[in-house]
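Asks: Got a structure for you, written out below as structure tokens; questions coming shortly.
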Amino acid sequence: MDSRRERLQRARLYFVTDVRPGLEELLAAALAGGVDMVQLRDKSASDEELVRAAAVFRRLCDEHGALFWLNDRPDLVAACGADGVHVGQDDMPAADARRLAGEEVLVGVSTHSPAQLDAALAAGDADQLSVGPVWETPTKEGRPAAGLDYVRHAARVAGERPWFAIGGIDLDNVREVIAAGASRVVVVRAIRDADDPEAAARSLRAALEEAEVGAEP
């Protein structure tokens with residue numbers, strides 16, 4: 001199998017979810033629909049609950065050749081068998097997360113402004129960056145929208161570093177994000193809350209593969 005970093009370079013659709021009833025069916029549907037990275041993010045779950053849920057993530061990701069990320073817990077990466085760990089601006093620095101999780105583990109970092117993105121790029125410690133929230137979203141209550149201008153900035157400056165637009169992205173607006181310069185997106189509700197998660201993932205994936213990146217007039 002290709003290395004984690006090779007698979008990250010190819011990744012386009014990143015799905016984040018918590019521990020919930022029907023988790024296995026939800027993940028299986030998302031992965032069948034074209035998700036190529038999934039993140040376990042649950043601030044309220046115990047270590048035991050995270051490790052137990054991680055076994056489901058790991059098995060399904062292996063079946064589909066997808067990358068499994070753990071949110072904000074580099075200390076649990078080994079126990080969870082995760083490929084990567086994602087940290088926010090208020091969590092430990094990416095370099096510290098890598099030292100704790102291991103050199104072979106991927107590290108992702110959230111950014112919410114051009115200054116934060118530029119700093120993360122300059123530091124060079126993160127394998128991938130998230131850019132947003134493009135629109136306000138209840139999954140990040142109280143965080144103001146960064147807007148499509150932030151996506152345009154990332155498209156100009158990020159170079160070859162993989163980055164994912166995040167925040168309120170769904171089937172109704174994903175083409176706007178792509179037109180602003182994003183070739184990769186993170187979604188939560190667009191798949192998690194869909195009546196047919198596999199179909200939602202498939203439609204998002206199709207938009208990412210068919211729409212022209214940076215095609216704004």
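Asks: Need one number: the % of Cα-Cα pairs in the stretch 139-190 sitting beyond the 15 Å mark.
Replies: Details: 576 of 1326 pairs.
Everything past 15 Å amounts to 43 percent.
Asks: Now a separate question. Please report the projected area of the stretch 69-190's Cα convex hull averaged over all directions, in nm². Please report the intermediate quantities before stating the final value.
Replies: Values: hull surface 29.0 nm².
Value for the stretch 69-190: 7.2 nm².
Asks: Hey, rough spin-label estimate for ALA32 and ASP47, points 7 angstrom out along Cα→Cβ, what's it come to in nanometres?
Replies: Here the answer is 3.6 nm between the modelled labels.
Asks: Another question, if that's okay. Subtracting the Cα-Cα distance from 0.36 nm times the residue separation, let me have the gained length for ALA95 to ASP62 in nm, one decimal. Please report the intermediate quantities before stating the final value.
Replies: On the way: separation 33, 0.36 × 33 = 11.88 nm, distance 2.68 nm.
Net length gain for the segment: 9.2 nm.
Asks: Also, quick follow-up: Given a Förster distance of 25 angstrom, what is the FRET efficiency for SER3 paired with VAL213, based on the Cβ-Cβ distance and rounded to 0.05?
Replies: Numbers: r = 24 Å, r/R0 = 0.98.
The value I calculate is 0.55.
Asks: Excluding ligands, DNA and RNA, what is the solvent-accessible area per residue of the chain at a probe of 1.4 Å, expressed in Å²? Mind dumping the intermediate values first?
Replies: Working: 9740 Å² over 217 residues.
Here the residues of the chain average 45 Å² of exposed surface.
Asks: Pop a pseudo-label 7 angstrom from the Cα along the beta-carbon direction at both VAL157 and ALA78 and give the gap in nm to one decimal.
Replies: Computed distance between label sites VAL157 and ALA78 equals 3.7 nm.
Asks: Return the label of the correct value of Cα Rg over 2.2 N^0.38 Å, as calculated from the structure shown, out of [x] 0.93; [y] 1.26; [z] 1.06.
Replies: Checked against the structure: label [x].
Asks: Using a 7 Å offset from the Cα along the Cα-to-Cβ direction at both ARG10 and ASP193, what is the distance between the two label points in nm, to one decimal?
Replies: Computed distance between label sites ARG10 and ASP193 equals 3.3 nm.
Asks: Counting only protein heavy atoms, what percent of the accessible surface of the stretch 109-202 is carbon or sulfur at a 1.4 Å probe? List each step's numbers first, then the result.
Replies: Numbers: 1860 of 4080 Å².
Summing carbon and sulfur atoms, their accessible area is 46 percent of the total for the stretch 109-202.
Asks: OK, next. Mind pulling the per residue volume of the convex hull built on the Cα atoms of the stretch 81-148? Å³ is fine. Can you show the working numbers first?
Replies: Working: hull volume 6.4 nm³, N = 68.
Per residue, the Cα convex hull of the stretch 81-148 comes to 93 Å³.
Asks: In deg cm²/dmol, rounded to 500, what helix-only [θ] at 222 nm does the chain give when every DSSP H run of at least 4 residues adds -39500 (n - 2.57) and the total is split over its residues? Working shown, then result.
Replies: Working: 10 runs with 91 residues, N = 217.
Taking each H run of at least 4 residues, the total per residue is -12000 deg cm²/dmol.
Asks: Order these peptides, 9-21, 75-87, 41-53, by their mean beta-carbon neighbour count within 10 angstrom, highest first. List each step's numbers first, then the result.
Replies: Details: 9-21: 18.3, 75-87: 21.1, 41-53: 14.0.
My ranking of the peptides, most packed first, is 75-87, 9-21, 41-53.
Asks: Moving on. Taking θ = phi - 60°, what integer Hz values does the Karplus form 6.51 cos²θ - 1.76 cosθ + 1.60 yield along the stretch 142-149, in sequence order, with x for Gly and Pro?
Replies: Karplus values, whole Hz, x for Gly and Pro: x, 8, x, 5, 8, x, 5, 4.
Asks: Once the principal axes of the Cα atoms of the stretch 1-103 are found, what is the range along each, listed largest first in whole angstroms?
Replies: The principal-axis extents, from largest down, are 34, 31, 22 Å.
Asks: Ignoring ligands, DNA and RNA, what percent of the 1.4 Å accessible area of the stretch 27-85 is carbon and sulfur?
Replies: On the way: 1020 of 2080 Å².
Heavy-atom surface of the stretch 27-85 belonging to carbon and sulfur, 1.4 Å probe: 49 percent.
The values are calculated or read from the model by the stated rules, or taken from the named source; none is laboratory data. Here the structure is a predicted model, which means the values were calculated and not measured. Cβ coordinates were reconstructed from backbone atoms using ideal geometry, including for glycine residues, and neighbour counts include every protein chain displayed. Note: accessible area is taken over every heavy atom of the protein model, side chains too, but ligands, DNA and RNA are not part of it. Shrake-Rupley method; radii C 1.70, N 1.55, O 1.52, S 1.80 Å.
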